[in-house]
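The numbers here are math on the coordinates, done by the rules we state, and not lab data. These numbers come from a predicted model, not from an experiment.
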C-alpha cells in the first residue's frame, strides 16, 4: 500500500508549493489539513490555494463548510479517512497537507474523541451566563484539575465540563498522547523547518499581500453571509481583526499589524506542537533541492 504522505509545518513555511510538486512527482492527490480552509469563501485570509496554483492536481476537503457552521474534528476525521481510502483505490498517493495539528492527528492516529450532547452543552452555557466563569472553573478544578490549569477561554471550559458530566471521565483523559499512538495508516510525516526570522518575514509579506488583494472586501462579503454567527470562522486570524475594521474599532493599518502579530504567535504554537512529534522527518526549506529531500524521504 502506498504511504500516506503528511506534510506539516507553520503557516507560510511553504507547504502548499511543495505539496503540489510532490503530487506531480508521486502521482498524488492533495487533502486539506487546515481547519480554516474547510470554509467556503475564506480564501484570501487563509492563503487558500487557487485553481491555477493546483496545476491540475486534484485537491480535496476544501470549501466544504459555510462560515455559519462549526468545524468538527470528529467529522473531519471521517471525511479525511474516506478521502485517503478513495485516493488509494484510484492507485494514487494521498498527500495530507496543513498546519492544524489535531486535525492531522485525527486523520492518521488512533484517537478517541469524547461524545457531545447539545442539550447538556446549552445547559452549561446557560450556567456560564448566569453564574459566571469563576463558578464553572471551580467545578472543573474539582473534577479535572489538569484541564482547569490550562484552559483559558470560556468555550473550552464549557466543553470540558460537558465531557466530565457526560462521561464521568476527565477531559484530559481523551487528549492524544504524542508518539505513543499507533497510526491507522502507513504514514510518512514530513515537516517544514524554517529559520524564525525568515518565517516572520514571510508572514508579514503574506499579510500585506492579503490586504492589498482584497481581504477587507472578502470579510465584508462573509459578514453579510453570516460570518459573525459562526464561532469558529469568525475567530480566524485576519477575519476577527478585519471585522473590527468594519465595526470602526481598528484602522486597516492596525488590523494588518495585529494580524501579523497574531499569525506569528500562531506559527510558534504550530512549531511547538509539531516539534514534539518524533515521527516527523524535517526538511530544510532553505535547501535548493527541497523537492529532492522530500522524495528521498518518501522513497526511503
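With a ≥ b ≥ c taken as the square roots of the eigenvalues of the C-alpha gyration tensor of the chain, please select rounded if a/c is under 1.5 and otherwise prolate if a/b is larger than b/c or oblate if it is not?
On the way: a/c = 1.75, a/b = 1.23, b/c = 1.42.
Oblate.
In whole angstrom, note down how far apart the Cα centers of region 10-41 and region 58-130 are. After rounding, the separation between the Cα centres reads 16 Å. Largest GNM mean-square fluctuation among 153, 284, 109, using the chain with Cα springs under 10 Å: 153. GNM on the chain, alpha-carbon springs under 10 angstrom: the most fluctuating residue among 19, 197, 35 is 197.
For region 118-174, relative contact order (Cα pairs under 8 Å, six or more residues apart, normalised by length) works out to 34 percent. The value of relative contact order for the chain, using C-alpha pairs under 8 Å at least six residues apart, is 27 percent.
Report the full-extension gain for the segment residue 196 to residue 21: residue separation times 0.36 nm, less the Cα-Cα distance, to one decimal in nm.
Length gained, residue 196 through residue 21: 60.6 nm.
Quick check: from the Cα gyration tensor, does region 118-174 come out rounded (a/c under 1.5), prolate or oblate?
Oblate.
For the chain, modelled as a GNM whose springs connect Cα atoms under 10 angstrom apart, the maximal fluctuation among 11, 272, 167 occurs at 167. Look at the alpha carbon pairs under 8 Å that are at least 6 residues apart: their mean separation over the length of region 129-218 gives a relative contact order of 17 percent. Based on DSSP H segments of at least four residues, each scored -39500 (n - 2.57), the chain has a per-residue ellipticity at 222 nm of -16000 deg cm²/dmol.
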